[in-house]
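Report on the structure given below.
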């Protein structure tokens with residue numbers, strides 16, 4: 001039913017999930033006055049399209065994720081990265097700011113979004129939290145950056161002896177921060193005695209259309225899944241004056257762009273609809289930040305007849321392979337990762353990045369939530385090291401370490 005369903009909702013991903021991080025992402029509104037915050041927004045958007053290309057190529061079905069959530073969680077992790085590990089992460093995340101400026105800009109962005117979400121026109125909240133192993137020493141500078149700029153307090157858990165209880169605590173926090181929409185972010189078995197830190201981000205949005213669709217206008221209608229294949233789905237309908245435009249695509253018939261504002265006109269949904277039933281692939285090939293800006297800046301505001309399907313989507317991802325393909329390799333290497341900015345040592349690496357997302361679009365408006373978790377483990381020997389008890393016959397040798405030459409060799413049968 002849904003291979004062409006992406007025709008509509010894929011770009012809702014780019015408008016709902018990304019708009020949660022940028023407010024007027026591609027609308028004709030002026031750029032944020034804070035240059036560093038504008039840089040963070042630009043970085044998030046570029047990373048969003050990179051990630052979309054990878055996730056979209058991995059499947060021809062539905063897709064939904066929050067680049068803001070993933071980008072924020074990785075930026076928090078980046079705050080503890082050093083050396084080539086930091087360089088790689090910064091490149092993939094398209095970060096153009098010094099670490100201190102980045103953290104400050106993230107603080108400005110998070111505060112602006114959370115303050116706007118308290119206006120009463122819509123609900124929008126971004127929450128971060130650190131979960132560290134009890135007794136493990138993290139550098140105060142790292143903790144201060146995440147506490148002051150990301151509003152991410154540290155809560156100590158016992159991963160070594162009670163990983164399941166720790167997992168439940170983290171998942172309960174995520175579920176609460178997303179109004180019950182994201183459950184079990186951290187799957188069973190992901191945490192163990194080697195886990196030292198979990199960094200979490202949760203994003204929640206609920207907004208009503210500025211002009212709601214009337215429920216009695218929603219009717220079953222054909223939705224063309226692909227050329228020659230269709231299915232009946234509930235299509236909402238209304239006629240309203242909104243921002244709309246038509247554009248040419250190289251070698252293709254073109255596309256239509258529609259922007260539907262939410263109450264308060266601070267957040268909006270942007271839908272990019274290829275003219276051809278099978279035109280999605282061609283559109284994806286031209287999906288760049290520059291093209292999106294060009295298409296959405298040049299919208300007019302006529303009266304438009306609108307049909308839009310009702311839908312509800314949820315998705316979950318293990319992002320390690322995707323991020324590795326994008327170029328973050330050192331951070332996942334138990335041998336070469338450098339997160340010395342977290343604990344002053346070179347003994348930590350990322351073992352997993354997990355993400356879940358949810359969205360529902362209906363006549364009233366949109367509800368969307370997402371959460372991301374970054375699991376950091378210890379490279380060192382397990383917390384419960386293996387035992388070596390030489391209480392029975394054994395062989396031994398003495399060798400020259402430089403050359404490997406065995407100088408003496410023997411065995412002990414009875415040490416008396």
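Values quoted throughout were computed directly from the atomic coordinates according to the rules given, and no laboratory measurement underlies them. None of these values were measured; they are calculated from a predicted model. Every residue, glycine among them, receives a Cβ derived from its backbone with ideal geometry; neighbour counts consider all protein chains shown.
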Gap separating the Cα centres of the stretch 48-84 and the stretch 326-341, nearest whole Å: 16 Å
Exposure proxy ranking, count of Cβ atoms within 10 Å, fewest first, for 161, 72: 161, 72
Alpha-carbon centroid distance for the pair the stretch 207-243 / the stretch 113-187, whole angstrom: 37 Å
Neighbour-count order for 307, 131, 295, fewest beta carbons within 10 angstrom listed first: 307, 295, 131
Sorted largest first, extent of the stretch 215-308 alpha carbons per principal axis (Å): 40, 39, 19
Dimensions (Å) - the stretch 83-223, Cα atoms, principal axes, largest first: 59, 37, 31
Cβ-based exposure ranking for 191, 199, 97, in which fewest neighbours within 10 Å come first: 97, 191, 199
Residue 147-residue 246 pseudo-label distance in nm [points 7 Å out on the Cα-to-Cβ vector]: 5.9 nm
